[in-house]
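Everything below concerns the one structure shown next.
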Amino acid sequence: MDVSFLGGPQPQRGVGVVAPFDFALDRELWRWVPDEVSLHLTRTPFVPVEVSLGLARLVSEHETLREATQALCAVSPEVIAYACSSGSFVGGIAGEREMCAAIEQSGEVPAITTSGALLDALREIGAQRIALVTPYTSSVTQSLEEYLAEGGITVTGRAFLGLTRHIWKVPYRDVVDMARQAVVGEADALFISCTNLATYDVIPQLEAELRMPVLSANQVTMWAALRRIGEHAVGPYQALLDPVARSGPAAMSSSTTAVAGETVFPMPHESLDPLAPADPLSPADPLAGVDSPAGMGSLPGVDGLSGADGLPGVDPLASLGVDPMGPLGDGRGEQEAAYAGSPGLPGAETEAADGLDPPPYPDDPSGPAPI
């Protein structure tokens, strides 16, 4: 059979990725990558240490980076990305720069890290005050806050799980719950840390609900690596990547809005299902096409942009005595302040913030099974 008409394969540009030995989200990284780019991953050597500051230092040792870089250079990548948040912030800004230098000297290719990419992304969107979500223990989360402070970034609120292993198993719903609890002050953006925490599908949903840009570790890593070689990351309705999203709901202020003289109403919040894909028909405003609950016939938990009198910004659920930031309509109960800790996790550090106990997991009142 003559197959000469097939041609190809098409030339590919290469991005090398150095990931920790326990990294489990290879496929998520690929979702941000355009068709003409290939990812080439390698991992650091296994060490019998759980997620901690000690592990962060081990997986970022310069000799480890040099060996990984030499392996990747066999396939001639145009840039190498170190895909680990804690490994690249544990040494502060100076340590992050030294890591890039070690990779570049070993492979003679440009290098970026997740934490360096985070600061670049925050500058890109003009954010200086952020809410923070992590799966880490309190000590690792504190180290990230110190790194951000060194970069001129203020953390307005945070929520963390206290996990020391199996972070890739955390479901989207828990990420959403933490995000809602972390955004307690006047933040410009939300950052979800850890490259082993899945976030791709949840970013546009959180941006629509929280009315602010949402960044994640894997997102900023791929954005920075691809930008370094003149390519664009693929992420529909994500403010960092999509100009439509940046000028749409993610650009809308979550601050209070004056309506009808002296009356002040909060901007309504949606109760979106974080597991549902973004609607490709409404990139500019996820509320477009959602009817306000005239006649009390709309679904509970979904706010329209106009109330019974057609006043923009009025929460139509207010007349029902329903708090849009209250019960989520799916059995998960009311929101609480930012919390730390995850019940039932062996080896996890569980420190409750502000004296509050962590809320129960939504799907199992007794908490998650040990992982």
> Rounded, prolate or oblate: which fits region 105-233 when a ≥ b ≥ c are the square roots of the eigenvalues of the alpha-carbon gyration tensor, with rounded for a/c under 1.5 and prolate only if a/b beats b/c?
Replying inline: rounded
>> Relative to 2.2 N^0.38 Å, what does the C-alpha radius of gyration of region 184-223 come to as a ratio? Two decimals please.
In response: 1.13
>> At 1.002 mPa s and 20 °C, plugging the Kirkwood radius over alpha-carbon pairs of region 1-109 into Stokes-Einstein gives what diffusion coefficient in µm²/s?
In response: 142 µm²/s
> What is the calculated FRET efficiency for Phe5 to Arg123, with r their C-beta to C-beta distance and R₀ = 51 Å, to the nearest 0.05?
Replying inline: 0.60
> Using a 1.4 angstrom probe with every protein chain in place, what is the largest-first accessible-area order of Asp174, Asp22?
Replying inline: Asp22, Asp174
> For region 4-62, what is the convex hull volume of its Cα atoms per residue in Å³?
Replying inline: 119 Å³
> Modelled label-to-label distance, Ile93 and Cys73, 7 Å Cα→beta-carbon offset: nm?
Replying inline: 2.9 nm
> Quick one: if the Förster radius is 35 Å, what FRET efficiency do Phe21 and Glu150 give, using the C-beta to C-beta distance and rounding to 0.05?
Replying inline: 0.80
> So for region 47-178, Kirkwood radius off the Cα pairs, Stokes-Einstein at 10 °C and 1.306 mPa s: how many µm² s⁻¹?
Replying inline: 101 µm²/s
> Spin-label point model (7 Å from Cα, Cβ direction): what's the Ser247 to Leu53 distance in nm?
Replying inline: 4.6 nm
>> Give me the Å³ per residue figure for the convex hull around the C-alpha atoms of region 50-98.
In response: 80 Å³
> Do any chymotrypsin sites (Phe, Trp or Tyr not before Pro) in region 164-197 lie in a DSSP loop with no more than 13 other beta carbon atoms within 10 Å, and if so, which?
Replying inline: none
>> Using a 1.4 Å probe on the protein heavy atoms only, what accessible surface does His62 show? Give it in Å² to the nearest 10.
In response: 60 Å²
> Once the whole set of protein chains is in place, how much accessible area is left on Arg13, using a 1.4 Å probe, in Å² to the nearest 10?
Replying inline: 70 Å²
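The values are calculated or read from the model by the stated rules, or taken from the named source; none is laboratory data. All of these numbers come straight from a predicted model, not from anything done at the bench. Neighbour counts are summed over all protein chains in view; Cβ atoms, including those assigned to glycine, are modelled from backbone coordinates with ideal geometry. To get the accessible areas, we keep the full protein, side chains included, count just its heavy atoms, and leave off ligands, DNA and RNA. Shrake-Rupley method; radii C 1.70, N 1.55, O 1.52, S 1.80 Å.
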